[in-house]
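The values are calculated or read from the model by the stated rules, or taken from the named source; none is laboratory data. Predicted model, so just to flag it, every value in this text is computed and none were measured. Here the Cβ positions follow ideal geometry from the backbone for every residue, glycine too, while neighbour counts run over all protein chains shown. Keep in mind that these areas ignore ligands, DNA and RNA; they rest on the heavy atoms of the full protein, side chains included. Shrake-Rupley method; radii C 1.70, N 1.55, O 1.52, S 1.80 Å.
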Amino acid sequence: MSLLRIEDVRKYFPIKEGLFVRREIARVHAVDGVSLEVNPGETLGVVGESGCGKSTLARCVTGLHPVTSGRIVFDGQDVTRLSGRGLKAFRRDVQMIFQDPYGSLNPRRRVGSIIADPLVVHRIGDARARRRRVQELMELVGLNPEHYNRFPAEFSGGQRQRIGIARALALKPRLIVCDEPVSALDVSIQAQVINLLTDLQGELGLTYVFIAHDLSVVRYVSDRVAVMYLGKVVEVAPGEQLYREPRHPYTYSLLSAASVADPDASAARSRVILAGDVPSPITPPPGCRFHPRCPKAQARCSTEEPLLLGVEHRAACHFPVEPGERLTGATRSGDRP
Ligand code: SF4
């Protein structure tokens, strides 16, 4: 049974105007009908360009954003509209690691007290037990427990992200949503933090939802990968399969532009530069949302929304990329340089 089920989740943000009487004039369709499953112990990578809705989805999963509609089922229980004790218990099981290790730590507090926060909120242990637990956590994530009384500014970027990871682990969660956990870090530090997350997963049996825009990072950490475009999942597949044989033209174009470390697969793909910008999530295009930019678009694509079809490898496309096909068309830039 899956640990997490996201069922047709939508998250719309209203845009209001009016000085005295505020009325809704439009909606940002940040997440628009996403369904995904995450199995215990696996890592589901979620990729897409900035603004595709992946971070909003992460916040919906952790309960930081209430969903507009749909359900989030964790360990068999609908957690979408939990409150009181139920919500508190859910928050112990599901934690988040944030993108910005600088912004997510209060610079005026000592790291020991920052890491202990979840223990205090959930009233776990007395002061001495909490201190012991925090020092254990610091050791677990590769920090010196003797630095308990230091301030965040005394740590490097990678060490600060380790503080964020220690805080996320404090309550022994089962699921951690990692929202771009390494994108603010220097490339040389990224690998260390990713290796730490991978080691912790093996050691503690954690399940991850790993949000990122960097395809190489997602490939390295994920068992399965979901690709999002303008609030929707357009393709989901086991990592290797998706990188080797993308079926959705959007995934194909993302991979063709990325420096993903697979020379054979890269050489087999033509490079596709997408035309135009991502359309506005306030007025997403009808039919397939990708049709204004898609090198394979046909008349049907602008009227009929494609469903996410398939079993293990699913793609939402009327005319998916065939194995070995090299995309051509108006948006093709020519051969790989
Ligand atoms: Fe392109 Fe049509 Fe497939 Fe959308 S449905 S990705 S427009 S071919």
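Consider V67 carefully, then state whether it is part of a loop (DSSP other than H, G, I, E, B), among the β-branched types (V, I, T) and at pLDDT 95 or above. Spelling it out, V67 is indeed part of a loop (DSSP other than H, G, I, E, B), among the β-branched types (V, I, T) and at pLDDT 95 or above.
Please determine whether any residue of the range 130-141 is in a loop (DSSP other than H, G, I, E, B) and farther than 25 Å from E180 by Cβ.
For the range 130-141, residues in a loop (DSSP other than H, G, I, E, B) and farther than 25 Å from E180 by Cβ: absent.
Every test in (1) near the ligand (Cβ under 10 Å from one of its atoms); (2) at pLDDT 95 or above; (3) of a type outside the set (A, V, I, L, M, F, W, C) is passed by P238 save one, and that test is (1).
I'd like the full set of residues that are hydrophobic (A, V, I, L, M, F, W, C), farther than 25 Å from R27 by Cα and open to solvent by 40 Å² or more (accessible area, probe 1.4 Å), limited to the range 280-316. Across the range 280-316, the qualifying residues are A297, A299, L309, V311.
Of the set (1) part of a helix (DSSP H, G or I); (2) surrounded by 15 or more Cβ atoms within 10 Å (Cβ to Cβ), all apply to F210 but (1). Could we say that F20 is more than 20 Å from S183 (Cβ to Cβ), in a strand (DSSP E or B) and aromatic (F, W, Y) here? No, not satisfied. Listed by first and then second residue, the pairs with beta-carbon distance under 6 Å, at least 6 apart or on different chains, first residue in the range 82-97 and free of Cβ contacts under 8 Å to residues at least 60 places away in the same chain and closer than 20 Å to L196 by Cα, second in a strand (DSSP E or B) and of a type in the set (S, T, N, Q), form an empty list. Going residue by residue through the range 320-331, is there one that turns out to be farther than 17 Å from D32 by Cβ, at pLDDT 95 or above, open to solvent by less than 50 Å² (accessible area, probe 1.4 Å) and within 8 Å of the ligand (Cβ to nearest atom)? There is at least one residue in the range 320-331 that is farther than 17 Å from D32 by Cβ, at pLDDT 95 or above, open to solvent by less than 50 Å² (accessible area, probe 1.4 Å) and within 8 Å of the ligand (Cβ to nearest atom). The residues of the range 149-180 that are over 22 Å from T43 (Cβ atoms) and open to solvent by 50 Å² or more (accessible area, probe 1.4 Å), listed by number, are N149, R150, F151, A153, E154, S156, Q159.
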